[in-house]
Amino acid sequence: MSAIRLLVLGAVRQHGRAHGYQVRNDLEYWGAHEWSNAKPGSIYHALKQMAKQGLLHAHEIAPSTAGGPPRTEYEITEKGVEEYFGLLRESLTVHDQKMDMLSAGIGFIVDLKREEAVALLKERVRALEEWRTSVTEYYTPEEGPESLGHIGEIMNLWVHSADRGAEWTLGLIERIERGAYTFSGEGDGFVGVLADGEENPYATGVRHEGDRH
């Protein structure tokens, strides 16, 4: 799975139509450049690649009166929406993925119905518990990692991560079931995108006049 695909598709979908700098601005606003591979080059490459794959539709916008190349705006297609929700659901259930994919999924979780979000997170807990059971057939945490030599520390790390991951997920499920956050179909929710031209306080660089991607 690719976090950058989920992030870019989700950002474009939230805007309706967005150019590359808007998508980059949003992802930096969310801090995604710190916890994922959402760097400027990766973002622009993903936009162009997904346009070729039919997940996004590229609109060529007339150049500004100041000159320069035309700006491309992207709009998610029906195929792109299917890909987006497929990646989103997978990001919330697969237990052995990189943290950036889960983080991206949590960022868009409110695009789902509340009941589905809870069901997907419960599936993640079940997968974590199944994985832990399979590992503890060979390694029992109560015996301590020393029982396997220093290699036991690797098993100790993964079992500890699974336990904490399940604990955190159960806490999120509880908060959602208590009514936290606004999910799809429940009314106006949190606005997580910047308006075109709105200053991003977390931007990593200054926009140049020629940035028309």
Q.
Just to be sure before I move on: is residue 172 exposed (fewer than 13 other Cβ atoms within 10 Å of the Cβ), modelled with pLDDT of 75 or more and out of contact with any Ser or Thr (no Cβ under 8 Å at 6 or more places or on another chain) in the structure I sent?
A. no
Q. Assuming residue 46 fulfils every condition listed in (1) among the small types (Gly, Ala, Ser); (2) at pLDDT 90 or above; (3) touching an Asp or Glu at 6+ places or on another chain (Cβ under 9 Å) apart from one, which condition is it?
A. (3)
(Q) Among the numbered criteria (1) hydrophobic (A, V, I, L, M, F, W, C); (2) in a loop (DSSP other than H, G, I, E, B); (3) over 25 Å from residue 13 (Cβ atoms); (4) modelled with pLDDT of 65 or more, which one does residue 206 miss? (A) (4)
Q.
For segment 167-185, give me each residue that is outside any loop (DSSP other than H, G, I, E, B) and of a type in the set (A, V, I, L, M).
A. 170, 172, 173, 176
Q. Restricted to segment 91-109, and to residues that are assigned to a helix (DSSP H, G or I) and more than 8 Å from the chain's Cα centre (by Cα), which residue is surrounded by the most Cβ atoms within 10 Å (Cβ to Cβ)?
A. 92
Q: Select from segment 136-150 the residues that are in a helix (DSSP H, G or I) and at pLDDT below 75 and write down the one among them that is nearest to residue 96 (Cα to Cα).
A: 141
Q) Does at least one position in segment 127-137 carry a residue that is surrounded by fewer than 19 Cβ atoms within 10 Å (Cβ to Cβ), under 14 Å from residue 172 (Cα atoms), under 23 Å from the mean Cα position of the chain (by Cα) and of a type in the set (A, V, I, L, M, F, W, C)? A) no
(Q) Just checking: which of the helices (runs of 4 or more DSSP H) contained wholly in segment 1-90 hold 1 or more residues that are surrounded by fewer than 16 Cβ atoms within 10 Å (Cβ to Cβ) and over 14 Å from the mean Cα position of the chain (by Cα)? (A) 40-52
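The values are calculated or read from the model by the stated rules, or taken from the named source; none is laboratory data. Just so it is clear, the model here is predicted, and its values are computed rather than measured. As a convention, Cβ positions derive from the backbone with ideal geometry for all residues, glycine included, and neighbour counts pool all protein chains shown.
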